[in-house]
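Visitor: So that we are looking at the same thing, I have put the structure below in structure tokens.
The values are calculated or read from the model by the stated rules, or taken from the named source; none is laboratory data. Because the structure is predicted, anything quoted here is derived from the model rather than measured. Cβ: placed from backbone, ideal geometry, glycine included. Neighbour counts: every protein chain shown. Surface accessibility is based on the protein's heavy atoms, side chains included, excluding ligands, DNA and RNA. Shrake-Rupley method; radii C 1.70, N 1.55, O 1.52, S 1.80 Å.
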Amino acid sequence: MEGLFLPIGIAVVIIILLLLFFTFVPVGLWVTAFFSGVKISMATLIGMRLRRVAPTRIVNPMIKATKAGLNLQIDELEAHFLAGGNVNTLVDALIAAQRANIPLEFERAAAIDLAGRNVLEAVQVSVNPKVIETPIIAAVSKDGIEVMAKARVTVRANIERLVGGAGEETIIARVGEGIVTTVGSSDSHKNVLENPDSISKTVLGKGLDSGTAFEILSIDIADVDIGRNIGAKLQMDQAEADKRIAEAKAEERRAMAVAKEQEMVAEVQSMKAKVVEAEAQVPLALAAALREGKIGVMDYYNMKNILADTDMRNSISKSTDDENK
């Protein structure tokens, strides 16, 4: 029995070792690569396993590139994968560029991919231009009328400026700035409505694609509409502000007049108080004069008669004036 179990145990161990070998060593992938014309050694595949690189992610794109006639090295693809790049997309972009006769080297394509841009989409946009539609942009002409325009910008990717070049947001912002400048320099909004292509020509001539990852092919005004009368609204606001300023100044003058009137009333009252005080001193002065013998009794009565005669004349004059009225 012991002699029987020994060969069985050895066979089991051999089977386990073979399973581990074929699991760790991608023999099937090596065979596929060999018959696809990709020269890669078994040691290289084992090294990928040790470096924790999935061999299929390197070998399959390499097979695709070889069949397409690209001269790539397996070490370049593995280095790009380890740097965090997308090897499959990179190879597809290189194949598409080759088919479209676009000069694109591996180093530049890898740099574009590592920069965070979709290199395959960039090649596709370079072959088939895309249209960027701007939002509605409002501008005001010299006659104060608001003009609202929407533009469609046809762009083509510039492979040379994909690394470090500005994106679509910059294109939209520059086109919007050009539309505002062009409409703002127009003497009348009617000129803009009659010749909307003047906006396209002016904006296109400003070289808005400078420093961007795109090349502007055309700028087409998709829609032009009239908005508010900004000039009239500003004039109304200015008139309302002038009215409020005038009302404030009038209120200030009225307050000053009231204060002046109150001051004059106070002065009159003060003068009346002084007159009353002076009149109160007259009897005292007369009494003192009589005591001191400066005037006699007859002088006092003569003065009283004069005052009574004066009061009578004032009454008669007042009655005559009332009758004449």
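Visitor: Would you mind telling me the share, in percent, of accessible area of the chain contributed by carbon and sulfur at probe 1.4 angstrom? Present the calculation step by step, with values, prior to reporting the outcome.
Guide: Numbers: 12280 of 21260 Å².
Using a 1.4 Å probe with all protein chains present, the chain comes out at 58 percent carbon and sulfur.
Visitor: Same structure, new question: Starting from the Cα gyration tensor of the range 77-165, take the square roots of the eigenvalues, sort them a ≥ b ≥ c, and report rounded, prolate or oblate (rounded when a/c is under 1.5, otherwise prolate if a/b is larger than b/c, else oblate). Before the final figure, lay out each step's value.
Guide: Details: a/c = 3.95, a/b = 2.68, b/c = 1.47.
In terms of gyration-tensor shape, prolate.
Visitor: Cross-link partners among aspartates and glutamates for residue 249, C-alpha distance below 19 Å, same-chain residues fewer than 8 apart left out?
Guide: In chain and number order, the partners are 237, 240, 261.
Visitor: Here is a further query. Quick check on the chain: helices-only [θ] at 222 nm, where DSSP H runs of length 4 and up contribute -39,500 (n - 2.57) each and the sum goes over total residues. Nearest 500, please. Can you show the working numbers first?
Guide: Values: 13 runs with 216 residues, N = 325.
Calculated mean residue ellipticity at 222 nm is -22000 deg cm²/dmol.
Visitor: Hey, another quick one. How large are Rg and Dmax for the chain when calculated on the C-alpha trace, in angstrom?
Guide: 52.6, 180
Visitor: Something else: List nothing, just return the count: lysine pairs in the range 16-171, 8 or more apart or interchain, with Cα separation under 27 Å. Please list the in-between numbers first.
Guide: Details: 39/64; 39/67; 130/150; 142/150.
Here the count comes out as 4.
Visitor: What nm distance separates the two modelled labels at residue 188 and residue 259, each placed 7 Å from Cα along Cα→Cβ?
Guide: 5.3 nm
Visitor: Quick check on the range 29-89: take the gyration tensor over C-alpha atoms, sort the square-rooted eigenvalues as a ≥ b ≥ c, and tell me if it's rounded (a/c under 1.5), prolate or oblate. Don't skip to the answer; put the middle values down first.
Guide: Working: a/c = 1.96, a/b = 1.13, b/c = 1.74.
It is oblate, given that a/c is not under 1.5 and a/b is not larger than b/c.
Visitor: For a Förster distance of 35 Å, can you work out the FRET efficiency between the beta-carbons of residue 274 and residue 302, rounded to the nearest 0.05? Display every interim value, and only then the final one.
Guide: Numbers: r = 28 Å, r/R0 = 0.80.
Step by step, r from the Cβ atoms, then E = 0.80.
Visitor: Taking θ = phi - 60°, what integer Hz values does the Karplus form 6.51 cos²θ - 1.76 cosθ + 1.60 yield along the range 100-114, in sequence order, with x for Gly and Pro?
Guide: Taking θ as phi minus 60°, the curve returns 8, 6, 9, x, 9, 8, 4, 4, 5, 4, 5, 5, 5, 5, 6 Hz for the range 100-114.
Visitor: If you don't mind, another one. Multiply the residue gap between residue 247 and residue 161 by 0.36 nm, knock off their C-alpha separation, and tell me the result in nm, one decimal place. List each step's numbers first, then the result.
Guide: On the way: separation 86, 0.36 × 86 = 30.96 nm, distance 6.21 nm.
So the extension gain works out to 24.8 nm.
Visitor: Where Lys and Arg each count +1 and Asp and Glu each count -1, what net charge lies around residue 118 among other residues with Cβ under 14 Å from its Cβ? List each step's numbers first, then the result.
Guide: Numbers: positive: 117, 130; negative: 92, 113, 121, 168.
Charge balance in the 14 Å sphere: -2.
Visitor: What length, rounded to one decimal in nm, is gained on full extension from residue 114 through to residue 220, with 0.36 nm per residue of separation minus their alpha-carbon distance? Present the calculation step by step, with values, prior to reporting the outcome.
Guide: Working: separation 106, 0.36 × 106 = 38.16 nm, distance 3.38 nm.
Taking 0.36 nm per residue and subtracting the Cα distance, the gain is 34.8 nm.
Visitor: Under the rule of at least 5 residues apart or a separate chain, name every residue whose amide H is placed under 5 Å from the amide H of residue 166.
Guide: HN-HN under 5 Å from residue 166: 212, 213.
Visitor: Something else: Considering only protein heavy atoms, what per residue accessible area in square angstrom results for the chain with a 1.4 angstrom probe? Can you show the working numbers first?
Guide: Working: 21260 Å² over 325 residues.
About 65 Å² of surface per residue is accessible.
Visitor: At a 10 angstrom cut-off on C-beta neighbours, averaged per residue, how do the peptides 123-132, 238-247 rank from highest to lowest?
Guide: Working: 123-132: 17.1, 238-247: 10.0.
Packing order, densest peptide first, comes out as 123-132, 238-247.
Visitor: Order of 218-227, 308-317, 58-67 by packing, highest average Cβ count within 10 Å first? Don't jump to the answer; show the numbers that get you there.
Guide: Numbers: 218-227: 15.1, 308-317: 10.0, 58-67: 20.7.
Order by mean packing, descending: 58-67, 218-227, 308-317.
Visitor: I would also like to ask the following. Taking a temperature of 37 °C and a viscosity of 0.692 mPa s, what whole-number D in µm²/s does Stokes-Einstein yield for the range 90-219 with Rh from Kirkwood over alpha carbon pairs? Let's see the in-between values first.
Guide: Working: Rh = 16.0 Å.
D, rounded to a whole number, is 206 µm²/s.
Visitor: Net charge within 13 Å of residue 140 by Cβ-Cβ distance, Lys/Arg positive one each and Asp/Glu negative one each, not counting residue 140 itself?
Guide: That sum, taken over residues with Cβ under 13 Å, equals 0.
Visitor: Also, quick follow-up: Using a 1.4 Å probe on the protein heavy atoms only, what accessible surface does residue 50 show? Give it in Å² to the nearest 10.
Guide: 130 Å²
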